[in-house]
Amino acid sequence: MSLLKEPILKLSQSREMRSFVTNNTLGRSAARRFVAGETIVDAIKASQEANKLGLHVSLDNLGENTSSEAEANRATQEYLNLLDEIEQAKVDANVSVKLTALGQDIDRAQCLENIRQVLKRAEGYNHTFVRLDMEGANYTQSTLDIFRQLWEEGHRNTGVVLQSYLYRTADDVADMIKLGVRVRLCKGAYLEPPSVAFAEKAEVDKNYVACMESLMREGNYPGLATHDEKIISHAVEYAAQHKIGPERFEFQMLYGVRRDLQTKLVAQGYNVRAYVPYGSQWYPYLMRRMAERPANLFFIASQFFKG
């Protein structure tokens, strides 16, 4: 199944395939398994439903690599509106932001100003947490540099995402632990060259577990983003062995993936956060989910056959 990852990720960059899937009624319907909808109203509704199940939420307005100042400003305004609606609805949710949506490819100064606006709005709402999402490896250093500048400016309601498939991640984890930064640890979902990333799943998993243990032992409320039951079981056992209470970390999982496991962990007393994406630019996100777990591709295909 892993042989499908590269071709699926390449399809995520295909304009023709994007047009076909996003303009196809069945494609849009199937995507709703993994995406809450296209509007803030959809996102808030999904958050409320998740909260009823005991889940915390992280909301992400899908969209990346804006190519103009106007697009970046619109994406920024969407996050400001989202924060307003989270506050008004009183849902248990924070937000995740991709810096390329806010102008990272266009102008660093503009990107910084845009993310500052988001952080300041969130600070006004009882210091709502804002996660700086991580994208491909060519953005890792830039994203961490921007984060560090924000951190040095005194914005403490923000954290980062680190990806265990990158060789550098163990060092980045150590740096974030020293700073006291909240880290979401995931495996990584982009197509990376062997010069920067582990190629084999076993290596990615091994690095994930090592980084996870460090974060659980010494980190500031890490988010362990995985659906891998072996790794989750290891985290539970490691916490028990080292007397790490469930209030010191949380599990994070994707909207539409293993809801049964999410609610099971909640019932066992663990904090679980559902990553809930929404927005019209859902195609690249959907394809990354297909690449991470190709079994999802057969789910999508089954929807077409049912139609």
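The values are calculated or read from the model by the stated rules, or taken from the named source; none is laboratory data. Predicted model only: the values in this text are computed from it and were never measured. Every residue, glycine as well, gets a Cβ built from its backbone with ideal geometry; the counts of neighbours run over all protein chains shown.
Quick look at the values:
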{"read-out": "Residues that are touching a residue at least 40 places away in the same chain (Cβ under 8 Å), assigned to a helix (DSSP H, G or I) and either surrounded by 17 or more Cβ atoms within 10 Å (Cβ to Cβ) or touching a His at 6+ places or on another chain (Cβ under 7 Å) (or both), drawn from the stretch 96-110", "value": "Leu99, Ala101"}
{"read-out": "Filtered residues of the stretch 243-257 (kept if more than 19 Å from Arg182 (Cβ to Cβ) and surrounded by fewer than 16 Cβ atoms within 10 Å (Cβ to Cβ))", "value": "Lys243"}
{"read-out": "Pairs where the first residue, in the stretch 263-283, is in contact (Cβ under 8 Å) with a residue 24 or more places away in the chain and the second is part of a loop (DSSP other than H, G, I, E, B) and among the β-branched types (Val, Ile, Thr), C-beta under 6 Å, 6+ apart", "value": "Pro277/Val35; Trp282/Val35"}
{"read-out": "Candidates Arg33, Arg18 - the one that is in a loop (DSSP other than H, G, I, E, B), surrounded by 15 or more Cβ atoms within 10 Å (Cβ to Cβ) and modelled with pLDDT under 85", "value": "Arg33"}
{"read-out": "Within the stretch 134-169, tally of residues that are under 16 Å from Arg182 (Cα atoms) and in contact with a Gly (Cβ under 6 Å, 6 or more places away or on another chain)", "value": "1"}
{"read-out": "Cross-chain or 6+ apart pairs with Cβ under 9 Å, the stretch 184-195 first and modelled with pLDDT of 90 or more, then surrounded by fewer than 18 Cβ atoms within 10 Å (Cβ to Cβ) and among the aromatic types (Phe, Trp, Tyr)", "value": "Ser195/Tyr167"}
{"read-out": "Test: residue in the stretch 62-69 that is more than 30 Å from Arg258 (Cα to Cα), out of contact with any helix residue (DSSP H, G or I) (no Cβ under 9 Å at 6 or more places or on another chain), not β-branched (Val, Ile, Thr) and not in a loop (DSSP other than H, G, I, E, B)", "value": "no"}
{"read-out": "Filtered residues of the stretch 150-162 (kept if surrounded by fewer than 20 Cβ atoms within 10 Å (Cβ to Cβ) and closer than 16 Å to Leu102 by Cα)", "value": "Leu150"}
{"read-out": "Pairs with Cβ under 6 Å, 6+ apart, first in the stretch 57-74 and farther than 18 Å from Leu112 by Cα and in contact (Cβ under 8 Å) with a residue 24 or more places away in the chain, second outside any helix (DSSP H, G or I) and polar (S, T, N, Q)", "value": "Ser58/Asn94; Ser58/Ser96; Asp60/Ser96; Leu62/Gln281"}
{"read-out": "Residue within the stretch 198-213 that is of a type outside the set (Gly, Ala, Ser), within 19 Å of Leu62 (Cβ to Cβ) and modelled with pLDDT of 95 or more present", "value": "no"}
{"read-out": "Extreme residue, surrounded by the fewest Cβ atoms within 10 Å (Cβ to Cβ), among residues of the stretch 111-149 that are part of a loop (DSSP other than H, G, I, E, B) and among the hydroxyl-bearing types (Ser, Thr, Tyr)", "value": "Tyr125"}
{"read-out": "Given (1) touching a Leu at 6+ places or on another chain (Cβ under 9 Å); (2) in a helix (DSSP H, G or I); (3) of a type outside the set (Val, Ile, Thr); (4) within 19 Å of Ser280 (Cα to Cα), number of the condition Glu78 does not satisfy", "value": "(1)"}
{"read-out": "Number of the condition not met by Lys90 [criteria: (1) at pLDDT below 95; (2) closer than 23 Å to Arg182 by Cβ; (3) of a type outside the set (A, V, I, L, M, F, W, C)]", "value": "(1)"}
